[in-house]
Structures are given as structure tokens and as C-alpha cells.
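Here's the structure, in C-alpha cells; my notes come after.
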Amino acid sequence: MAAIDEQITTNGSSSPTEPPRVGVDIRSLIPKLGLREYWYPALLDKEVSAKKGAYLKLLGDDLFAFRGKSGNVVITSNACPHRGAMLDHGNCLFPGFVTCFYHGYTFDEHGECVAVLGEGPDSPMVGRVKAKIYPTVTLKGVVFVWMGNGEPIDPVHGIPEDFFDPDVMVMSWINHWESNWRPTMENIDAHYAMIHKNAVRVLMRPFPNFGRGGRPYQIVQPHRMKQPGMDDNRSSSRVRDTNTDPQEYFPGLDAKWPHHNYRRYWTWMFSWADRRRARMNYPLTEEWGAGHHLPGIFRQNYGCKLFTRWIMPVTETRTRLWYFHATRPGNALGRLYERVHFTLIGNWLANKNFSEQDSKGSVYAYHNTREHLSPWDVHTLMWRKFILSSPELRAARAAAEGEQPPVEAARR
Ligand code: FES
Ligand SMILES: [Fe+2]
């Protein structure tokens, strides 16, 4: 293991002025179907009816969700353990159980075969066959599933704290990108002033600043990387200067970019919102503060709300993105306002219009060509290395090289 880890640590420079050093290309060491020993958001509780259940695919696994006797959503493999028929083509003929359409093997929420309708009440297979059950927990209407082979970790260390706080309201939107999951998190870099320059909410502010070199992140928790100096309780939004001309001269072009500064005609109208946001607090713990979290979570503290994008590999070429919008309304009227605002405009502004622009960098790009990285790409390198530092990948590398895995490697 030492050999590979050594090469990994040479792949990147933390200096803001020097381009990162290129050692080995570590992209290929990251699993195409993501990390497994983690909780992931699977589907919304309301998507699972009592009679039919729902098919879903996560991390390459074909899964089936149905409602168990307890009323909770249960997730099992979609392959019937008898002879592999697809459970989503069957029905829940009895409340709390799923029955395979082929020979009638019927399973309860623990995966036990409790009846075989095709063979009759005396079937010898009852109690002898078990369907694989993936552990689940339902929080604020979202069903989370443990995709690991090991024992699930305590959900409070695998699912953001917003889902456990009764004062926090969480709304969500789901989308899919036709690309692998790996590039979807690699976008703390110089893309903002290009890809997002004409998002509606970016148009309300002066043209985005040009970069002056990326800053290395800090690993502050087993699953969290954050910007150095970031306050976990405050908005990371900055008040933008509406007076300075954003145009800069590029000598190689003998021209200025951006081409013009028309935004000065309207940005002054919105600068009060910048100032207001910068004063607001949204307290978070160090474990669940803003930044990047394994297995594929990005969080941004806007002071008035918390943005979370959680990436879920579906197949090697398809990724599901959950957008969670968390706020702390003080009363019922506040909750109503948040719901109406999110439904009518907030979700569109923040997610559909702005955040979805990032999909271009994943979908319309080759991810196997040689890279020439700049200091701005230091975050991307750090994130890749952070993924590789996950205990399950360290253990896999140790096993491949015939070494004992680190003691804690099987967990977290
Ligand atoms: S394959 Fe499912 S009952 Fe036979
Ligand atoms: Fe972006």
C-alpha cells in the first residue's frame, strides 16, 4: 500500500502559485460506482405505495423498495432469491409483504420468506430462503439506505444533521446527469466565472472575480474537507463590490474580458441582498459544516439557508443528484413561506438554473484524456486524494498488496 499512497501524495501541490505536480493519474483508482460503506439518499418515502413498491438502481445495484408491516420503506435486492425474477414486476398482495410474480415467494420486511403461494401452505421453502435487505432509515420524508457490506454506521455520522433537527425544514429536488459520478464533485475551481456567469442569480451581481489561485482545503473530519478559515456558523457569501470595473486586459488576446460591464446598470439594485445575507447566521457543527463530505456531498452555507448537493452513482454513466434546501423557519407561517418560495422560485434559481449549469463540465467533457492542471485545480486533486483516503479504499489497496488493513479501515 505504501507504494501507491506515496505516489498519491506526490500528485498535487498546496502552493497557490506553483502548478500541482503530476505524479500518477489517480482518477482511475477511484471506483466508477462510488464508495459503498456509506449512507445514501435512496428515494422519497411518498414514492413507495403500499400495493406496488418501486424499482430503483443505486451504485449499480438493482433494488426494490416496498412498505413493510411497520409502515417503513424497506429496500431489498430486486432479484428474487428463488430464481431471480424481478420483484418490481410483482405486487404487494398482502400489506407489508412483497410477492414475486413468478412462483409466489413472499417476503416480509426482514427478508424472510413467509409463504410460497405457488407451492401451497406446506412449501418446505418457508423460513429457508432470505432476501437481502439493505438497512434503511426515513428522515423528513427521505429514505436513506446503507449500501455497505459491513454493519451500518450510526446514521448521525452518515447523514447530515439537518435531517435530525426538528427545527430544520428540508425540501428537495432530484435530477440526473448522464455522466460518471467522479467528475461531478470536481468543481471548486475557475469554472464559476465561465459556466455560471449568466445564471440569473449571478447576473444580479457584478461579473464574477477572476481567480488568483486555488486554496488548499483542510480535512477536519473523517468525512469532511473545508476551506481554511471558514466559519461553520456564518454565510460564506461575500459582499461584492459594485463600483469596480470587472473588465481586465488579457495581453495574449490584446483585449478585455468581459466584453462589457452592462451589469453596473442593475447590480446596485440587488446589493442590499448581498449585505443582508452576509450578516445572517446558520449554525452548523464541525462535523456537518459547509464544504465537501464523503461519499459525495457538497454543502454551502448561505446564512439564510443551507444548500446540499448529494451525488449518488446510479450506473457508470449515470448519476443522480439530490438537492437539499434546509432552512430554519421560526413558525408555521415561516414554513409556509419557505415552501411557497422554494416551489415558485427558490428551487429554480438555486438548483435548476444555477447549479445545473455544472452538469456541462461533467457531461460535455472527456474524463480520460491527459490533464494539465493549474494552481486553481488544487481542490480537485485534494478531493480525489480524500476519496482515496476513505477506509474502504485504503483497505482494498492493502488487501491488493497483501498487507493488513489499518485497524479502523473496515468502518466509516
Ligand atoms: S423466481 Fe421468484 S418466486 Fe420463483
Ligand atoms: Fe458550479
Name the lysines eligible as straight-distance cross-link partners of residue 51: C-alpha to C-alpha under 27 Å, and not fewer than 8 places from it in the same chain.
69, 130, 132, 140
For residue 27, project a label point 7 Å along Cα to C-beta. Then give me every residue of the range 337-368 with its amide nitrogen under 18 Å of that point.
358-368
Lys and Arg at +1, Asp and Glu at -1: add these up for the other residues within a Cβ distance under 14 Å of residue 261 and post the number.
+3
Taking every DSSP bridge whose two residues both lie in the chain, the antiparallel percent to the nearest 5 is 100 percent
Quick one: net charge around residue 357, please, counting Lys, Arg +1 and Asp, Glu -1 for every other residue with C-beta under 13 Å from its C-beta.
+3
For the chain, modelled as a GNM with alpha-carbon contacts under 10 angstrom, which of 121, 155, 41 fluctuates the most?
121
Given labels modelled 7 Å from the Cα in the Cβ direction, how far is it in nm from residue 197 to residue 352?
2.6 nm
Give the residue from 177, 382, 269 lying farthest towards the positive end of the charge dipole for the chain; charges sit on Cβ (+1 for Lys and Arg, -1 for Asp and Glu) and the dipole is referred to the Cα centre.
269
Lone Cys, the chain, Cβ cut-off 4.7 Å -> 92, 113, 304
Once you put a point 7 Å from the Cα of residue 275 and another 7 Å from the Cα of residue 102, both along the Cβ direction, what distance in nm separates them?
6.9 nm
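For the chain, what does the relative contact order come out to in percent, with C-alpha contacts under 8 Å and a separation of six or more?
With pairs under 8 Å counted, the relative contact order is 20 percent.
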Is the shape of the range 155-381 rounded, prolate or oblate, going by the alpha carbon gyration tensor and its root eigenvalues a ≥ b ≥ c, with a/c under 1.5 for rounded and a/b larger than b/c for prolate?
oblate
Scoring the range 155-381 by relative contact order with C-alpha pairs under 8 Å, at least six apart, yields a percentage of 33 percent
Under a 10 Å cutoff between Cα atoms, tell me which one of 274, 167, 254 has the largest fluctuation in the Gaussian network model of the chain.
254
Residue-normalised 222 nm signal for the chain, counting each DSSP H run of n ≥ 4 as -39,500 (n - 2.57), nearest 500 deg cm²/dmol, is -4000 deg cm²/dmol
Please report the equivalent ellipsoid semi-axes of the chain, computed as sqrt(5 x eigenvalue) of the Cα gyration tensor, largest first, in whole Å.
42, 27, 19
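Values in this text are rule-based calculations from the coordinates and carry no lab data. The structure presented is a predicted model; accordingly, all values stated were derived computationally and were not measured. We place every Cβ from the backbone using ideal geometry, glycine too, and count neighbours over all the protein chains shown.
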